[in-house]
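Colleague: Encoded as structure tokens, here's the structure I'll be asking about.
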Amino acid sequence: MTRIGIVGAGAAAAAATYALEETPTETEITVLEKSRGLCGRAATRRRDDVVYDYGANYVTSDDERVVELLTETLDTEGLVDVTDPVWTFDGDGAVSEGDDRDRHKWTYRQGLTQIAKRLFARTDATIHRETRIETVVQSDGGGSEKGSGDAGKRGDAGGHGDADGVWHLEDADGTRWGPFDALLLNPPAPQTADLLRSAEWDADVRGDLVDAVEAVPFRTIWTGVFHYPFELERPYYALVNTDKAHAVGWIGREECKPGHVPDGESLLVVQANHEWSVERYDESPAENRERLADLTADLIGDERLRDPDWADQQGWRYALPEDGVDDDPLRRAEREDLYCLGDWVAGEGRLHAALRNGLEVGERIEHGRGADGCGS
């Protein structure tokens with residue numbers, strides 16, 4: 001029995017959990033998630049009969065393993081392909097026919113969170129929501145703490161045991177979780193860096209790992225969601241700003257996703273660019289929504305869009321990684337049984353990249369523990 005602790009229940013964590021549970025070695029996995037939902041920035045909300053993905057917009061077919069996961073491994077009920085094209089616009093607001101960037105744009109009728117829900121459902125992992133982890137601790141001793149289960153009582157009878165050191169986690173309420181033979185960190189790079197910086201972990205790699213993780217640049221995105229009691233007819237699913245010179249970076253029409261918006265209605269997901277989002281992140285949500293609605297009306301060329309019948313918003317302070325991370329300290333940390341995972345580790349802010357990275361991390365853990373315990 002190997003005890004695995006995972007901080008964050010994003011797409012990469014769900015994929016890693018699935019990969020670990022598919023291996024022949026018995027594993028006990030505890031996932032600690034600060035929010036009430038699953039799948040991280042691939043987030044879905046519902047209002048009345050409307051479903052909308054207000055973080056990641058869809059998952060693409062850019063990775064063969066992810067395609068197999070979605071279309072063969074997981075239940076395909078409710079999996080839909082957004083077939084309308086993505087068009088572009090520039091800093092002056094001039095709209096052009098699209099660049100055909102993605103062969104498939106998949107989501108689910110119930111929303112993108114289904115990816116993590118369906119992956120976790122195929123495992124025996126225990127998921128604790130609304131549990132904010134604040135401290136990471138590595139120690140020589142084991143012992144039974146909350147979340148360790150029977151495996152935590154075995155000491156060195158299973159997994160690494162106490163000889164090689166174990167990991168514990170402490171949450172905002174002072175609860176201690178563990179012991180864990182391996183620890184996976186799934187938050188965005190800035191939040192992972194904060195955890196590592198304050199960790200009670202005496203290892204030579206820690207300083208290099210903190211430097212590498214906190215060097216990953218992240219884009220901030222403030223998102224407005226606008227619903228209209230009429231159908232907006234346009235030849236595209238979405239508009240994307242190609243020169244990053246417009247205050248709006250993306251406008252997506254959720255009615256193009258089967259099952260998301262009732263006939264005769266429209267719902268737009270509008271993502272502001274990084275500079276606009278940083279400048280106005282803490283301003284009044286109502287004022288931000290009004291500004292974005294006006295910008296949207298100007299871009300799409302429809303005055304009715306200034307006045308939605310209801311609206312929503314979400315600020316993503318750490319929305320998209322702009323670069324990857326130095327691989328060397330990550331691999332050195334893995335020899336201490338600490339793994340980082342997510343789209344920022346993959347070096348690409350796309351949902352398929354996060355899923356692929358999670359699968360790879362789960363496989364590396366299994367490969368390492370098959371050799372000499374949990375790590376490599």
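Colleague: If ligands, DNA and RNA are left out, what is the accessible area of GLU26 with a 1.4 Å probe, given in Å² to the nearest 10?
Modeller: 120
Colleague: Just from its helices, what would the mean residue ellipticity at 222 nm be for the chain, if runs of 4 or more DSSP H residues each count -39500 (n - 2.57) and the sum is divided by every residue, rounded to the nearest 500 deg cm²/dmol?
Modeller: Mean residue ellipticity at 222 nm (helix-derived): -8000 deg cm²/dmol.
Colleague: Can I ask one more? So what's the projected area for the chain, the Cα convex hull averaged over all directions, in nm²?
Modeller: Numbers: hull surface 72.8 nm².
Hull-based average projected area comes out at 18.2 nm².
Colleague: Something else now. Given the pairs LYS34/LYS117; LYS34/LYS105; LYS34/LYS244, which are separated by over 25 angstrom at their Cα positions?
Modeller: Long pairs (Cα-Cα over 25 Å): LYS34/LYS105; LYS34/LYS244.
Colleague: Could you point to the residue in TYR52, ALA333, ALA353 farthest towards the positive end of the chain's charge dipole, with +1 and -1 charges on the Cβ of Lys/Arg and Asp/Glu respectively?
Modeller: Sorting the options by dipole projection puts first TYR52.
Colleague: To the nearest 0.05, what FRET efficiency results for SER139 and MET1 with a Förster distance of 22 Å applied to their C-beta separation?
Modeller: 0.70
Colleague: Another one. Which trypsin sites (Lys or Arg not before Pro) in region 184-280 pass both tests, a DSSP loop state and at most 16 other beta-carbon atoms within 10 Å? Please list the in-between numbers first.
Modeller: Details: sites: ARG197, ARG206, ARG219, LYS244, ARG253, ARG280; in loops: LYS244.
Qualifying residues, ordered by number: LYS244.
Colleague: How much length would be gained if the chain were fully extended between THR76 and GLU26, taking 0.36 nm per residue of separation minus their Cα-Cα distance, in nm to one decimal?
Modeller: Additional length available on full extension: 15.2 nm.
Colleague: Given the options THR17, THR131, THR242, state which has the largest fluctuation in a GNM of the chain using a 10 Å cut-off (strictly under) for Cα springs.
Modeller: THR242
Colleague: Only loop residues by DSSP count here, and only those with at most 16 other Cβ atoms within 10 Å; note down the trypsin sites (Lys or Arg not before Pro) in region 37-118 that meet that.
Modeller: Here the sparse-neighbourhood loop sites are ARG101, ARG103, ARG109.
Colleague: Over what distance in Å are the Cα centres of region 57-87 and region 204-280 separated?
Modeller: Region 57-87 and region 204-280 have Cα centres spaced 19 Å from each other.
Colleague: Hey, another quick one. Figure the gain on full extension for GLU214 and ALA121 (residue separation times 0.36 nm, minus the Cα-Cα span) and round it to one decimal in nm.
Modeller: Contour length minus Cα-Cα distance gives 30.2 nm.
Colleague: Also: How much of the DSSP bridge set in the chain is antiparallel, in percent, rounded to the nearest 5?
Modeller: On the way: 43 of 65 bridges.
Within the chain, antiparallel bridges account for around 65 percent of the total.
Colleague: How are the C-alpha pair distances of region 165-244 spread across 10 Å bins, as whole percents from the shortest bin up?
Modeller: Calculated over all Cα pairs of region 165-244, the distribution is 12, 31, 21, 14, 15, 6, 0 percent.
Colleague: Please give the solvent-accessible surface of PHE120 in Å², to the nearest 10, using a probe radius of 1.4 Å with every protein chain present.
Modeller: 10
Colleague: At a probe radius of 1.4 Å, what is the per-residue accessible area of TYR52, in Å² to the nearest 10?
Modeller: Roll a 1.4 Å probe over it and TYR52 shows about 10 Å².
Colleague: If I stretch the segment between ARG65 and GLU231 completely, what's the gain in nm (0.36 nm per residue apart, minus their alpha carbon distance), one decimal?
Modeller: 56.1 nm
Colleague: Whole Å is fine, so just give me how far the alpha carbon centre of region 178-193 lies from that of region 307-368.
Modeller: 11
Colleague: Related question: In the P(r) worked out for region 24-76, what percent of Cα pairs fall beyond 15 Å?
Modeller: Numbers: 953 of 1378 pairs.
Roughly 69 percent, once rounded to a whole number.
Colleague: Tabulate in residue order the Karplus-calculated ³J(HN,Hα) for region 253-266, using 6.51 cos²θ - 1.76 cosθ + 1.60 with θ = phi - 60°, rounded to whole Hz; enter x for Gly and Pro.
Modeller: My calculation for region 253-266 gives 9, 5, 5, 7, 9, x, x, 8, 9, x, 4, x, 10, 9 Hz in order.
The values are calculated or read from the model by the stated rules, or taken from the named source; none is laboratory data. What you are looking at is a predicted structure, and each value in this text was computed from that prediction instead of being measured. Cβ: placed from backbone, ideal geometry, glycine included. Neighbour counts: every protein chain shown. Please note that ligands, DNA and RNA were not included when accessible areas were found on the heavy atoms of the full protein model with its side chains. Shrake-Rupley method; radii C 1.70, N 1.55, O 1.52, S 1.80 Å.
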